Amino acid sequence: MLRIFWDAHIHSKYSRATSASMEIPEICRYAQMKGLNLVGSGDFTHPRWLAELKSSLMEVPETDLYLPTGTANPSVYIMITGEVSTIFEHEGVTKKIHHVILTPSLEVAEQINDRLAKHGDLLADGRPTLNTSASELVEEVMSLSERNEVIPAHAWTPWFSIFGANSGFDRVEDCYQDMTKYIHALETGLSSDPAMNWRLSSLDRYTLVSNSDCHSPYPFRIGREANVLELDRLTYDLVVDAVRKKDPGRFKFTIETDPSYGKYHWTGHRACNVSMSAREAVKVGGRCPVCHRKMTKGVEERVEELADRPPSYRPDNAVGYVHLLPLQEIIATVIGSESPSTPKVWQAYDVLVTRLGAEYSILLDVPRGELAKVAGPEVAEAIIRVREGAAKVVPGFDGVYGRLILFPELEEERSRRETRGKRQPSLDRFM
């Protein structure tokens, strides 16, 4: 059996706010370092990126997957994927929904582009904005090939998602209408995990997938969320079939960041540096206790609105998941770096992956003793705490990522360094 680490949702250099390094060689280089062996191409709807994909990829016979041209030792396969945004009116309300599209070939991708071009300017962005409904999008894509797959992207983020508090729906059927029959999966996004989605009985039929939605190729972005499958062989159809059938025998688990780490987990107001849990947000009526403006409703609060099950509920035959955080984020927290991309963090990271293997192996499998020999006892302890679910995260809110806490003593030292004016106000001050 082949173990497949798959990140289906990434972007190219042609998407807004995306690194110029998002090109096939760099994507594959860092994907291999991470431990991914299947990644999405991202952005196939952009004509220039599609042209680059055609010139830089070669199709692998009998797989409907691709490799970089001239690859001698295959390690990272490419599935043709892209994300699109649909904006449309539903019952007098503007809806903005993002979708990930999987397709089995560059030829079919080109046919999809021909259809979608009539709904928007595909050259404007790697993730184009289309003036069409979600159901019409699915109808267009599936009419070309029923091997295509459409997945609602980052299903709970406040903007641009199927269940988003600001422009989404309460039910999958309301969004996709008679095309719901073609929806087999939902993408959890950084601010939710499977356990949160299990609280809605209406979602039991859907496979929950996790992807990075990365805008840079570096290991603290690509593969920060991913899907783990075990297959007899790697082909487009076998991957999609495992998703469509929600088969735990082949779809083993997803890799999730702690949802608190996501930028929209808690309800809050970034301008006033205020955030709070769903329960606290309800107490203040969703208004910022500093400026009294409406706060951005977090995913936790939105899930509470729609949930019909308690937090501890797990459906039968559910695909499992693990919480992990990028290795560079862990190293940065231990050494007190403000960024996972500093030279000191990169140096420590390079030593670990050079001597111990790909990042996923380090995070999931390498024993504490081996970790300590290479990285030292503190980094080893931090990795084990993340692996065992003992790490804590100060929840993210209103576009601000959550903050990882591995050792209370480090957190106390950090707090002493911060000035009182930079600390987030406690809700108690305003009650």
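Laboratory data are not the source of any read-out in this text; all were calculated from the coordinates shown. In this text the structure is predicted, and so the values were computed from the model without any measurement. Every residue, glycine among them, receives a Cβ derived from its backbone with ideal geometry; neighbour counts consider all protein chains shown.
Can you list the trypsin sites (Lys or Arg not before Pro) in segment 231-275 that are in a DSSP coil and have 13 or fewer other beta carbons within 10 angstrom?
Within segment 231-275, the qualifying trypsin sites (Lys or Arg not before Pro) (loop, at most 13 other Cβ atoms within 10 Å) are R233, K245.
At 10 °C and a viscosity of 1.306 mPa s, what translational diffusion coefficient does Stokes-Einstein give for segment 3-86, taking Rh as the Kirkwood radius over Cα pairs? Give it in µm²/s as a whole number.
123
Using Cα positions and a limit of under 17 Å, work out the aspartates and glutamates in reach of K392, with same-chain residues fewer than 8 apart set aside.
D193, E256, D258, E300, E329, E378, E381, E409, E411, E412, E413
Specify which residue in the list L325, F163, A8 is farthest towards the positive end of the charge dipole of the chain, using unit charges on the beta carbon of Lys, Arg (+1) and Asp, Glu (-1), about the Cα centre.
L325
Restricting things to alpha carbons, find the Rg to Rh ratio for segment 101-159 using the Kirkwood radius for Rh. Walk me through the intermediate numbers first.
Details: Rg = 11.7 Å, Rh = 12.3 Å.
Reported Rg/Rh (Cα atoms, Kirkwood Rh): 0.95.
Please compute, over every Cα-Cα pair in the chain, the percentage with a separation greater than 43 angstrom.
On the way: 9459 of 92665 pairs.
Tail fraction, whole percent: 10.
Give me the percent relative contact order of the chain, please, defined on Cα pairs under 8 angstrom at least 6 residues apart.
15
Out of the GluC sites (Glu not before Pro) in segment 103-138, which ones are loop residues according to DSSP with at most 14 other C-beta atoms within 10 Å?
Numbers: sites: E107, E110, E136; in loops: none.
Hits after loop and neighbour filter: nothing returned.
Within 10 Å of each candidate Cβ there may be at most 12 other Cβ atoms; applying that plus a DSSP loop requirement, which GluC sites (Glu not before Pro) in segment 291-369 survive?
E338
Evaluate the charge dipole of the chain about its Cα centre and quote only its size in Debye, nearest 20, assuming +1 on the Cβ of each Lys and Arg and -1 on the Cβ of each Asp and Glu.
With Lys and Arg at +1 and Asp and Glu at -1, about 1520 debye.
State whether segment 52-95 is rounded, prolate or oblate according to the following rule on the C-alpha gyration tensor (a ≥ b ≥ c being the square roots of its eigenvalues): a/c under 1.5 gives rounded; otherwise a/b larger than b/c gives prolate, and the remaining case gives oblate. Could you put the intermediate results ahead of the total?
Values: a/c = 4.65, a/b = 3.69, b/c = 1.26.
Prolate.
Using C-alpha positions alone, give me the convex hull volume of segment 326-390 per residue in cubic angstrom.
Expressed per residue, the convex hull around the Cα atoms of segment 326-390 is 73 Å³.
Straight-line reach only, C-alpha to C-alpha below 23 angstrom: list the lysines that K245 could link to, leaving out same-chain residues fewer than 8 apart.
Partners found: K181.
Past the 20 angstrom mark, what percentage of all C-alpha to C-alpha distances in segment 252-401 do you count?
58
Given the pairs K252/K344; K96/K118; K263/K294; K95/K246; K13/K34, which span a C-alpha to C-alpha distance of over 23 angstrom in this model?
Numbers: K252/K344 35 Å; K96/K118 18 Å; K263/K294 17 Å; K95/K246 28 Å; K13/K34 20 Å.
With Cα atoms farther than 23 Å apart: K252/K344; K95/K246.
In debye to the nearest 20, how big a dipole does segment 1-87 give about its Cα centre with +1 on each Lys and Arg Cβ and -1 on each Asp and Glu Cβ?
The calculation lands at about 240 debye.
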